[in-house]
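S.K.: Next up is a structure, given as structure tokens.
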Amino acid sequence: MGRRMTNPEAEIANLVASLKCGSIVAAAGCGKTEQIVRATQIANGRRLILTHTHAGVDALRKRFITHKVDSKKFRVDTIAGWCLLYAVSFPNWSGLSCVVPKNDKEWSAVYEATARLIQSGAVKGVLTSSYSGVFVDEYQDCNGHQHRVIKAIAPYLPVCVFGDPLQAIFDFKGQSSVDWGSDVFPVFSKAGELNIPWRWRNAGNEDLSEWLRNIRSTIEQGGAIDLRSPPTGVTWQPLPEKPALRQSKVVSTCKALMNKASNGYLVVIGDPANINVRANLAKNLAAVGFSNIEPLDCKDLYKFAERLEGSTGLVRLEIALDFICACMIRSDKTAFISAVKSHLDGSKRGSARFGALIEKGIAVVKDVSDEALLELIASTTI
């Protein structure tokens, strides 16, 4: 049973700081990061704070700086980075064989190795002498392997996990997030809840704040959200039934909004599992100032580097142009290759269009150094 609080917003930091094992349910924009920082500040000893992304790590560190929390009171890390560090540092106990994981299967092995290491008791002294407790942020994005790691820590250190059962951003490509009813609450019982959307209330949008708060119960009961009567600041644009027509609808809507807006930013959330769809959307919106936020795993960049390794001559140039065309709009690989070949043969075709870029392309053909390649990539679009 969770502890009953008369004023959850006021008491939550004190509760979290003293909690031995539990969870805090926190909707987006309801002050979760603020409470993690406050709890760390008033808690005894040093807290390990784990989250999923480097962006999350950065956000937490900035908030600690804002609140002037002594850096000796916390360590912030990604779950992946922390697990890899421990599993690699104690290979005999963890049994980890792959120390440079590159795919989901290898990362799953890292988490299982870390759970095995902690459960063995071999690092109990290391954990208890290093930290006085653990906070885990965005717990709804944990998969089963990561959940086993956090469960393994709980017998040795106080653990409080923060998250929202109604959110999960990594539930794709066959990876399933933890189930709060069957996985989380039986281990980390619900101790409190943050449900006031301070982010929008503080921005002066009380209407949106209350709407977001009220629809949670509808979603929890399996109901549908009625967007026909949205709050101030929310507009519903139905997409065409035919998938082929949907992106053009998104593009036209975004352009119309940008033309109306005198300031601020517009964020478009594309298909999370299809980088090509997101890139194409960014290209179609580039003229009005949009750019694509690259994924943290940089898979396309790694693939480019692998293709480039050992390449020479025109093949090297073609690989470089494939990368350039994937990143930049109005790039013409065929015409540029033709111009470079022409100049290599002593002709001057394409000089008017490409100018000095042709010499940079020739340098890539003749020189396998990184400098020649970077010079071309850093130049204007072709």
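Computed from the coordinates by the stated procedures, all read-outs in this text should not be read as laboratory data. These figures come from a predicted structure and were not determined experimentally. Every residue, glycine among them, receives a Cβ derived from its backbone with ideal geometry; neighbour counts consider all protein chains shown.
S.K.: Could you give the longest part of the chain that holds none of the chymotrypsin sites (Phe, Trp or Tyr not before Pro) found in DSSP loops with at most 13 neighbouring Cβ atoms within 10 Å? Walk me through the numbers before you get to the answer.
M.R.: On the way: sites that count: Phe172, Trp236, Tyr265.
Answer from the scan: 1-171.
S.K.: So, one more: How long is the gain from Glu371 to Ser18 if the chain were fully straight, where each residue apart is worth 0.36 nm and the alpha carbon distance is subtracted? Spell out each step's value before the answer.
M.R.: Working: separation 353, 0.36 × 353 = 127.08 nm, distance 5.56 nm.
Here the answer is 121.5 nm.
S.K.: If you line up the long axis of helix 275-285 against the longest principal axis of the chain, both from Cα atoms, how many degrees apart are they, to the nearest 10?
M.R.: The angle comes out near 70 degrees.
S.K.: Sort Ser130, Ser217 so the one with the fewest other Cβ atoms within 10 Å of its own Cβ comes first. The partial results should precede the final answer.
M.R.: Values: Ser130 13, Ser217 10.
The fewest-first ordering by Cβ neighbours comes to Ser217, Ser130.
S.K.: Hey, another quick one. Between Leu166 and Asn280, what is the label-point separation in nm under the 7 Å Cα-to-beta-carbon projection?
M.R.: 3.3
S.K.: Suppose R0 equals 25 Å. What FRET efficiency, 1/(1 + (r/R0)^6) with r the Cβ-Cβ distance, do Asn202 and Lys73 give to the nearest 0.05?
M.R.: Numbers: r = 26 Å, r/R0 = 1.05.
My answer for the efficiency is 0.45.
S.K.: Roughly how many nanometres apart are two label points built 7 Å out from the Cα toward the Cβ at Ala305 and Asn44?
M.R.: If labels sit at Ala305 and Asn44, their model points lie 4.6 nm apart.
S.K.: Looking at the chain, what % of its DSSP beta bridges pair antiparallel, to the nearest 5?
M.R.: Values: 1 of 22 bridges.
Percent antiparallel among DSSP bridges in the chain is about 5.
S.K.: List the aspartates and glutamates whose alpha-carbon lies under 12 Å from that of Lys249, not counting same-chain residues fewer than 8 positions away?
M.R.: Excluding near neighbours in sequence, the set is Glu241.
S.K.: Let me ask something additional. Running a GNM on the chain with Cα contacts under 10 Å, which residue among Val134, Val288, Val37 ends up with the highest mean-square fluctuation?
M.R.: Top of the fluctuation ranking is Val288.
S.K.: Using 0.36 nm per residue, how much length does the chain from Ser176 to Ala335 gain when fully extended, once their Cα-Cα distance is taken away? List each step's numbers first, then the result.
M.R.: Working: separation 159, 0.36 × 159 = 57.24 nm, distance 4.57 nm.
Full extension from Ser176 to Ala335 adds 52.7 nm.
S.K.: Now for a separate question. Quick check: net charge around Ser217, other residues with Cβ under 15 Å of its Cβ, Lys/Arg +1 and Asp/Glu -1? Intermediate results must be reported in sequence, preceding the final value.
M.R.: Values: positive: Arg213, Arg216; negative: Asp164, Glu193, Glu210, Glu220, Asp226.
Result for the local shell: -3.
S.K.: Which residues make up the longest stretch of the chain that has no GluC sites (Glu not before Pro) in a DSSP loop with at most 16 other Cβ atoms within 10 Å? Numbers along the way, then the final one.
M.R.: Values: sites that count: Glu241, Glu309.
With GluC sites (Glu not before Pro) excluded where exposed in loops, the chain gives 1-240 as its longest stretch.
S.K.: Also, quick follow-up: Can you tally the net charge around His52? Count Lys and Arg as +1, Asp and Glu as -1, for every other residue whose Cβ sits under 9 Å from the Cβ of His52. It would help to have the intermediate numbers written out before the result.
M.R.: On the way: positive: none; negative: Asp137, Glu138, Asp141.
Its environment carries a net charge of -3.
S.K.: In which sequence would Thr40, Thr33 go, from the one with the fewest C-beta neighbours within 10 Å to the one with the most?
M.R.: Values: Thr40 26, Thr33 18.
Neighbour counts put them in this order, fewest first: Thr33, Thr40.
S.K.: In what sequence do Ile269, Ile324, Ile49 fall when counting other Cβ within 10 Å, fewest first? Write out the running numbers ahead of the final one.
M.R.: On the way: Ile269 6, Ile324 18, Ile49 25.
Ascending Cβ contact count within 10 Å gives the list Ile269, Ile324, Ile49.
S.K.: Can you match P(r) over Cα pairs in 20 Å bins from 0, in percent to one of these, [x] 21, 46, 29, 4, 0; [y] 26, 58, 16, 0; [z] 19, 44, 29, 8, 1, based on a calculation from the structure here?
M.R.: [x]
S.K.: Please check the chain for the longest run free of trypsin sites (Lys or Arg not before Pro) that are loop-located per DSSP (anything but H, G, I, E, B) and have at most 11 other Cβ atoms within 10 Å. Intermediate values should be presented prior to the final figure.
M.R.: Working: sites that count: Arg4, Lys20, Lys68, Lys102, Lys173, Arg228, Arg330, Lys348.
Of all site-free stretches, the longest is 229-329.
S.K.: Please report, in debye to the nearest 20, how large the charge dipole of the chain is about its Cα centre when each Lys and Arg carries +1 at its beta carbon and each Asp and Glu carries -1 there. Before the final figure, lay out each step's value.
M.R.: Details: 46 positive and 38 negative charges, 84 e Å.
Rounded to the nearest 20 debye, it is 400 debye.
S.K.: How large is the helix-only mean residue ellipticity at 222 nm for the chain, computed as the sum of -39500 (n - 2.57) over DSSP H runs with n ≥ 4, divided by its residue count, in deg cm²/dmol to the nearest 500? Please report the intermediate quantities before stating the final value.
M.R.: On the way: 18 runs with 190 residues, N = 382.
After summing the helix terms and dividing by residue count, I get -15000 deg cm²/dmol.
S.K.: Now, a different point. Around Val149, with a cut-off of 12 angstrom between Cβ atoms, what is the net charge of the other residues, counting Lys and Arg +1 and Asp and Glu -1?
M.R.: Values: positive: Arg116, Arg148, Lys151; negative: Glu112.
Every neighbour counted, the sum reads +2.
S.K.: Roughly speaking, what is the stretch gain from Ile225 to Leu314, that is 0.36 nm per residue apart minus the C-alpha to C-alpha distance, in nm to one decimal?
M.R.: Numbers: separation 89, 0.36 × 89 = 32.04 nm, distance 5.53 nm.
In short, 26.5 nm is gained.
S.K.: A further question follows. Specify the inter-centroid distance of the range 40-64 and the range 304-382, based on alpha-carbon positions, in whole Å.
M.R.: Using only Cα atoms to place each centre, the spacing works out to 45 Å.
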